[in-house]
Amino acid sequence: MSTEQPKDEKRCKAAGFLCVPDTRPTRIILWLVAIAIVSLAIGFGILAASGAFSPVTGHANSPFSKTAWILSNTTEFLLDGATAGNISVNMGAGEITLNGGAAGSNLMEVTIFSKAPEWQPEYSSSLAGSVKTVRITDKGHTGKALFAVDSPNRWEVRLADRVPVAAEVRIGAGDCRLVLGTLNLTSLDVHAGAGDTTIDFSGYHGGRFDASIMHGIGDLTLRIPANTRVTVIQGVGDIAGAGFILGNGAYTPPGFNPVLPVNEIFVKQGVGDVRLEMV
């Protein structure tokens, strides 16, 4: 029997390579697939442990999309005898909903839905004379920046309905929905970086207010109460205001009467459409 090695194996050894007898293309492909699966599993494990993936139900990029868990807690702030409020809400990335309906003698109630305890915001409150000031500030978290649009960080804010309130809302990235019809506003200041924003004054019967809305990227919808003047500075996008009357650079609804108290809303929009709706 001949003991001569195959020519391919001789050439392989002469070149200094490791030769595996009877190595077929199918076997090589199967090994590569197995290595890739193991590597992906290890990678997902590392990302999950570091918080880089947001485990929120429905997140297309999260390996936890079917088993997401969200922590929630509610914090209440009493009026403490105050007859007016000054509210400041500051979020880096996530989703904000703000409306009336705070219970009893509360000036504000905040329910936070977030991934982990370290994502809880910081609170501060003070009382100066008859004015109660409450501030909510997002401490920030590196993991949120990767999927800011679908972050599990969500705040639901409820304010007292009858107490005069000056409200400030700032959000870096994410959607913002303000339902203000039951409130008694003295002023409103909104700064939104990227995301869609809806500000709804439907049914508003509070006092006269001034509002400033700075909106970066995304669509802005304003549902405007009676006797309100809206001035819009538009960057890139369209303005839709069916039924509104444009004059002297401002939009007013039919029946606008400048002799009566006028709510003034100033809007500066960067990129995105502005929709004005009468309520």
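Which is in contact with a Phe, Trp or Tyr (Cβ under 7 Å, 6 or more places away or on another chain) and modelled with pLDDT of 95 or more, of ILE87, ILE96?
None of the other options fit; the residue is ILE96.
Would it be correct to say that ASP189 is closer than 21 Å to GLY101 by Cα, touching an Asp or Glu at 6+ places or on another chain (Cβ under 8 Å) and of a type in the set (Asp, Glu)?
yes
Limited to the range 182-201, what total is found for residues that are touching a Pro at 6+ places or on another chain (Cβ under 8 Å) and within 17 Å of MET278 (Cβ to Cβ)?
1
Would you mind stating whether THR197 is in contact with a Leu (Cβ under 6 Å, 6 or more places away or on another chain), modelled with pLDDT of 95 or more, polar (S, T, N, Q) and at negative phi?
Criteria met by THR197.
Is there any pair with a first residue in the range 113-126 that is among the charged types (D, E, K, R) and a second that is in a strand (DSSP E or B) and at pLDDT 80 or above whose Cβ atoms are under 7 Å apart and which are 6 or more apart or on different chains, and what are they?
GLU122/THR137
The values are calculated or read from the model by the stated rules, or taken from the named source; none is laboratory data. What you see is a predicted model; the values in this text were computed from it and never measured. A quick note on method: Cβ atoms are made from the backbone with ideal geometry, for glycine too, and the neighbour counts reach across all protein chains shown.
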